[in-house]
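The values are calculated or read from the model by the stated rules, or taken from the named source; none is laboratory data. Note that the structure is predicted; figures quoted are calculated from it, not measured. Note that we place each Cβ from the backbone using ideal geometry, even for glycine, and neighbour counts take in every protein chain shown.
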DNA sequence: CTGAAAGCGCTTACAG
DNA sequence: CTGAAAGCGCTTACAG
């Protein structure tokens, strides 16, 4: 059962040709006589030869691999992102080297540097990218595309969700339904997505005469949404609608309302953000902004592979150039919780 | 902004030593004079040197990477698996090369072979492993551990969920609650997990005098669960309990019952399998078997890394040896839908 | 403790 | 169309 390790030299010897010819034959180069190619392929197959990845990468200066460096692997967001990147990579026949780290910049720096010589380009999500010099100092000299990452200077191509526009759209939806006093349950303050959603809410409220908003703190989990829901009910003048900065908080809030006997949407409208799978299953089903994270990953990997194929090999653009930035607009999904006219395809319940 | 590519030779030249000394200094070998080491480290840092992965792998015959080959990336199962593997790999400072393919054996064969020279070992989930010779012919000569994969001969170490025991446990739970006529909604026939769950159900029913089971087809999605639920209600003698082979089908069934005005658990008890996140959010919350897929992945990667460190370098065991097989027992999670005494921590709703 | 040299397994100009 | 040779960027016996 011990399989011998077979190299290109074994194939060459067995086929009676040079290793150069084996290499050319197996890599589909044109300048190989057809009978020779057949012969080499037959021998390679018989010996179950497959080329050594590191050797091939070293000599060809190409790894056929993209590196993906993420802050975490936990939760819907990352699994969708990985799925989208994986699909995009496979479509272009690339491998995917996945690295996650926890918390501190040191670890991410190490993860980034370890990619040199292993990948042809990088997809990076970094909470430290707005720290001046962080990426400049730690990205290997390779093409890189940022995902959902806020850079101080737009030095790298970037793909992100348009949280600001999404929050404005949702607020506009609630306003269009006639609600004027709207509560906002905010996400964690240091979080850039949270900041953008809050900004969108504020802007939409400010732009609408007669509308007023009040804000409650939260940190993107159910429990904080639950607390905010209780606080909203306890406050003086009850808002007509609540917009939670993500779905998990909206669910917590929904639960608080249910406990208090407050009906959604009859007594108060409710909306979230993200369209997590749960959103359509809860009762009432949740109006939310749908964000296609898999698509975000897929488009980012396409952009990266295009750049790699174009032969770019530097980390960061030439000086003075501004990197392209791609924002994906989330889509309003109206369900029962906001009391608006539901889109038939977004209906509640399985079956 | 164009960063020059710096190699070990640049560091050596700059530090005034040989490349051998740089290599030893940076890799923490003992036989380097302390001042020399300091000097080399300073230069490496100043030049932002990081070693070239492929070159290092080729000469050291070690990639510090494990390969993960999966049939798909879609859904809770794979994201949890990847998360568990990723955490395990990071804990042991290994990289993770992730490859997914769709459908056919050819594609998986290619994915497996492409791993040679890129990884030190493989974690493989393969629907084709019971096809004689498939793994033998396509696994590179590396240590490999199988995950949730049914092999005809137990030639490789394997980690899997004990679906049979889990289904028996759930059936026993329903029987213990006094239910005697129990319906089972089966998964897709070719699926090995589905087969094992069905086998566990049958065995538990057969072992219990006075109990009777009837079976309905399904294919692990909501819609088939919904159809089965309708069929169950339409049939002559209504069962006292329904056990769906997975949670998604249980949810579909629950929805059919709700539409028909049949109350769960008062009129009929219901249980699922998997403990997907939705299970605790639906109403009534769903009794199910919890399967820790992340743990499955984590343990598999540990087993693989142990084998790699032990210096094994062959695909498959020595002839005559039987590979170890690890089954992870799922855990019964009693919630409202079965009408049993609920565990306090498993309660319904957020907050 | 240090360096010169061989070698890891490929690819790719360069000749022919 | 084919082969001999150089080289990719490291690591590691081997001498000293």
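The set of residues in region B:130-162 that are modelled with pLDDT of 95 or more and over 18 Å from residue B:68 (Cβ atoms) contains only B:162. For residue B:63, the conditions (1) within 16 Å of DNA strand C (Cβ to nearest atom); (2) within 24 Å of residue A:52 (Cα to Cα); (3) touching a residue at least 24 places away in the same chain (Cβ under 8 Å); (4) surrounded by fewer than 18 Cβ atoms within 10 Å (Cβ to Cβ) are fulfilled apart from (4). If you go through region A:72-89 one residue at a time, do you hit one that is under 20 Å from the mean Cα position of the chain (by Cα) and closer than 20 Å to residue B:141 by Cα? Checked against the condition, which is being under 20 Å from the mean Cα position of the chain (by Cα) and closer than 20 Å to residue B:141 by Cα, region A:72-89 yields no hits at all. Annotation: residue A:45 fulfils all but one of (1) part of a helix (DSSP H, G or I); (2) in contact with a helix residue (DSSP H, G or I) (Cβ under 7 Å, 6 or more places away or on another chain); the unmet one is (2). Residue count for region A:43-55, restricted to those that are free of Cβ contacts under 8 Å to residues at least 12 places away in the same chain and facing chain B (nearest Cβ under 7 Å): 4.
Looking at the structure I just gave you, is residue A:6 within 14 Å of chain B (Cβ to nearest Cβ), surrounded by 16 or more Cβ atoms within 10 Å (Cβ to Cβ) and under 30 Å from residue B:154 (Cα atoms)?
Yes, satisfied.
Within region A:249-275, residues that are more than 22 Å from residue A:213 (Cβ to Cβ) sit with their Cβ atoms under 7 Å from residues that are surrounded by fewer than 22 Cβ atoms within 10 Å (Cβ to Cβ), at 6+ positions apart or across chains, in these pairs: A:255/B:349; A:255/B:350; A:255/B:351; A:275/A:290.
Considering region B:1-18, the residues that are in contact with a helix residue (DSSP H, G or I) (Cβ under 8 Å, 6 or more places away or on another chain) and part of a helix (DSSP H, G or I) include one that is farthest from DNA strand C (Cβ to nearest atom), namely B:10. The single residue among B:118, B:113 that is surrounded by fewer than 17 Cβ atoms within 10 Å (Cβ to Cβ), outside the structural domain of residue B:286 (by TED's automatic domain parsing) and under 30 Å from residue A:64 (Cβ atoms) turns out to be B:113. Determine whether region A:136-155 contains at least one residue that is under 23 Å from residue A:298 (Cα atoms), touching a strand residue (DSSP E or B) at 6+ places or on another chain (Cβ under 9 Å) and part of a helix (DSSP H, G or I). The answer is no, given that none of the residues of region A:136-155 is under 23 Å from residue A:298 (Cα atoms), touching a strand residue (DSSP E or B) at 6+ places or on another chain (Cβ under 9 Å) and part of a helix (DSSP H, G or I).
All of A:73, A:58 fail the test of being outside any helix (DSSP H, G or I), at the interface with chain B (Cβ under 9 Å from one of its Cβ atoms) and closer than 30 Å to residue A:126 by Cα, apart from A:73. Restricting region A:94-104 to residues that are surrounded by 18 or more Cβ atoms within 10 Å (Cβ to Cβ) and assigned to a loop (DSSP other than H, G, I, E, B), the residue that is nearest to the other protein chains (Cβ to nearest Cβ) is A:101.
Name the single residue, out of those in region A:9-21 being more than 8 Å from DNA strand D (Cβ to nearest atom) and away from every other protein chain (no Cβ under 14 Å), that is surrounded by the fewest Cβ atoms within 10 Å (Cβ to Cβ). Among them, the one singled out is A:9. Among the residues of region A:72-93, the ones that are touching a helix residue (DSSP H, G or I) at 6+ places or on another chain (Cβ under 7 Å) and either crowded, with 20+ Cβ neighbours inside 10 Å or touching a residue at least 60 places away in the same chain (Cβ under 8 Å) (or both) come to 13 in all. Within region B:19-36, the residues that satisfy the criterion of being touching a helix residue (DSSP H, G or I) at 6+ places or on another chain (Cβ under 6 Å) and within 7 Å of DNA strand C (Cβ to nearest atom) are B:19, B:32.
For region B:255-263, the criterion of being surrounded by 24 or more Cβ atoms within 10 Å (Cβ to Cβ) and more than 9 Å from every other protein chain (Cβ to nearest Cβ) is satisfied by no residue at all. What residue, of A:89, A:54, is more than 9 Å from DNA strand D (Cβ to nearest atom), within 23 Å of residue A:307 (Cα to Cα) and either at pLDDT 95 or above or in contact with a strand residue (DSSP E or B) (Cβ under 9 Å, 6 or more places away or on another chain) (or both)? Going through A:89, A:54 in turn, just one is more than 9 Å from DNA strand D (Cβ to nearest atom), within 23 Å of residue A:307 (Cα to Cα) and either at pLDDT 95 or above or in contact with a strand residue (DSSP E or B) (Cβ under 9 Å, 6 or more places away or on another chain) (or both): A:89. Screening the candidates A:40, A:32, A:36 for the property of being surrounded by 15 or more Cβ atoms within 10 Å (Cβ to Cβ), more than 9 Å from chain B (Cβ to nearest Cβ), within 16 Å of DNA strand D (Cβ to nearest atom) and in a loop (DSSP other than H, G, I, E, B) yields one hit, A:32.
The C-beta contact set for region A:124-140 (first residue within 15 Å of residue A:72 (Cβ to Cβ), second residue in a loop (DSSP other than H, G, I, E, B), distance under 7 angstrom, 6+ apart or interchain) comprises A:124/A:149; A:125/A:71; A:125/A:148; A:125/A:149; A:126/A:149; A:127/A:71. Does region B:175-191 contain at least one residue that is part of a helix (DSSP H, G or I), surrounded by fewer than 18 Cβ atoms within 10 Å (Cβ to Cβ) and within 28 Å of the chain's Cα centre (by Cα)? For region B:175-191, residues part of a helix (DSSP H, G or I), surrounded by fewer than 18 Cβ atoms within 10 Å (Cβ to Cβ) and within 28 Å of the chain's Cα centre (by Cα): absent.
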